[in-house]
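Each remark here refers to the structure printed beneath this line.
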Amino acid sequence: MNICGCLIHVAPAALSEARPRIEGMNGVEIHAGTKDGRLVVVVEDTDDAYASDTIMALHQIPGVISLTLNYHHFEDLSPRATLAATQPEN
């Protein structure tokens, strides 16, 4: 599991076109936004792309001025990692 909390600043004049493109991306969810183009976004890994690749694609949307990564959480959810986490240390 890979979760990234980001702040995206979009030029206000481009917000009406950029926001639907951002919302339409797989693994991206907008949690809050302002009329002046500031968006609080969560980006997660998907079966098709790593969160880091999605973040780079968000930078390419016309009107996006900046994107900052403010939070990152990674957790290995593979069966082997889960088993190792439950084993006592010697």
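The values are calculated or read from the model by the stated rules, or taken from the named source; none is laboratory data. Quantities reported herein were computed from a predicted structural model and do not represent experimental measurements. Cβ sites come from the backbone with ideal geometry, for glycine too, and all protein chains shown count toward neighbours.
Please indicate, with yes or no, whether at least one residue in the stretch 13-26 is part of a strand (DSSP E or B) and either touching a Gly at 6+ places or on another chain (Cβ under 7 Å) or among the aliphatic types (A, V, I, L, M) (or both).
no
Within the stretch 27-40, can you find the residues that are under 15 Å from Ile3 (Cβ atoms) and either among the hydroxyl-bearing types (Ser, Thr, Tyr) or more than 10 Å from the chain's Cα centre (by Cα) (or both)?
Within the stretch 27-40, His31 is the sole residue that qualifies.
Looking at the stretch 5-51 only, could you name the residues that are β-branched (Val, Ile, Thr) and closer than 12 Å to Ile61 by Cβ?
Ile8, Val10, Ile22, Val28, Val41
Conditions tested, residue by residue: (1) of a type in the set (S, T, N, Q); (2) without any contact (Cβ under 8 Å) to a residue 12 or more places away in the chain.
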residue: Gly5; (1), (2): no, no
residue: Ala13; (1), (2): no, no
residue: Glu17; (1), (2): no, no
residue: Gly24; (1), (2): no, yes
residue: Val28; (1), (2): no, no
residue: His31; (1), (2): no, yes
residue: Thr34; (1), (2): yes, yes
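Pick from the stretch 1-38 the residues that are acidic (Asp, Glu) and touching a helix residue (DSSP H, G or I) at 6+ places or on another chain (Cβ under 9 Å): which of them is nearest to Ile65 (Cα to Cα)?
If we take residues in the stretch 1-38 being acidic (Asp, Glu) and touching a helix residue (DSSP H, G or I) at 6+ places or on another chain (Cβ under 9 Å), then Asp36 is nearest to Ile65 (Cα to Cα).
Name the single residue, out of those in the stretch 50-76 being in a loop (DSSP other than H, G, I, E, B) and modelled with pLDDT of 95 or more, that is surrounded by the fewest Cβ atoms within 10 Å (Cβ to Cβ).
Across the stretch 50-76, the extreme among qualifying residues is Gln60.
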